[in-house]
Amino acid sequence: MSDKKKSFLKKTKLILPIVLAVFFGWLTFSKLPITEIIPYFKSANYWWIALGLVLGVLSHLSRAYRWNYLLKPMGYSIKTPNSIMAIFIAYLANYGVPRSGEVLRAAVATNYENIPFEKSFGTIVTERICDLIMMLSICVITLFFQFDFIYNILIKKINLSNLIIILLGLCLLFGLVVFYIKKSKGKIANKIKSFVVGLLEGITSIYKMKNKGVFIFHTIFIWLMYILMFYITSLSLKELHGAPFASMIVAFIAASFTIATTNGGVFFYPAAVLSALTLFGLAEEPSYAFGWIIWTSQTMIIIVIGVLSFIFLPIYNKNRIRLNK
């Protein structure tokens, strides 16, 4: 490799993260309804918002620390600073392109810790499965207290016939892809087979884990922090004082689904909070304001730490970059 090419690659590794940070930061800021949020931020109690931010950050740090428990059964590990920065980079990227953050997070582990991409991505898939289980568990618990709400959302508002057709179509497509990969001996098929094997190893790493109890603790802790963060932040608006805790759980569930299905829940998150809280007879304006307050505060912390992570990740790993040249 020529010196010019080496110099170009070195500069790219240092500059590209900064460019991406600026892009994702601008993309998120450009969508914020500043004129709508400012009045509510003026009357809100910042102490409750700050405490909510602390709880949110604790959940992210716990997720970063937990990642190693999935990597170690495969013989890999990731430095805690790299894991933390990868988490916040992933969150920030998801505001721009939904689910792109998972790919970037696995790429960080590959580029800076020499962990095969498919294996690190497999552990991230495992995390998402755990998150889904936790979300469903919260839904089931909430169902006992707010059956009508869950029933209306999951049953009455879903066209079951269309859903069945879509699921059957996806199953057929999946079956055809699997059949092709098994029968084909081409380079592309072999690469896919290799990727799938590594992906499955990452996903099944949870069964080889020695400290399952610690992993479960962090999983519960992460979601407990999410719920407490949501409830604590609601106390920043005096109009929501005395709101039933069940209403906050229902609003939390509705808002969480928007995070999982859109680019960071922009616009949809506050709307979901509004729809859920008004079902319990709470006033529309403070409910909508609360949705924007919690979304904006959590988004701001993701943007700040995410941008810093984009910038400092190559700096923290400069020695590794030098060794890999």
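Readers should treat all values here as calculations from the given coordinates under stated rules, not as data from a laboratory. Computed from a predicted model, the values in this text were never measured in an experiment. FYI the Cβ positions are ideal-geometry reconstructions off the backbone, even for glycines, and counts take in every protein chain you see.
Computed from the Cβ-Cβ distance with R0 of 30 Å, the FRET efficiency linking L308 to I129 stands at 0.50.
Can you put R63, R105 in order, fewest other beta carbons within 10 Å first?
Working: R63 21, R105 27.
Fewest-to-most ranking of R63, R105: R63, R105.
Exposure proxy check: S43, S77, S287, S256 ranked by fewest other beta carbons within 10 Å?
Lowest count first: S43, S77, S256, S287.
Ordering I87, I38 from the fewest to the most neighbouring beta carbons within 10 Å gives I38, I87.
Multiplying the residue separation of K79 and F221 by 0.36 nm and removing their Cα-Cα distance gives an extension gain of 49.0 nm. Applying 0.36 nm per residue to the separation of F41 and T110 and subtracting their alpha-carbon distance, the gain on full extension is 20.8 nm. In plain terms, the chain from L136 to V214 could stretch by 26.0 nm, reckoned as 0.36 nm per residue minus the Cα-Cα distance. Taking a sphere under 14 Å around the Cβ of A93 and counting the other residues whose Cβ falls inside, with K and R at +1 and D and E at -1, yields a net charge of +1.
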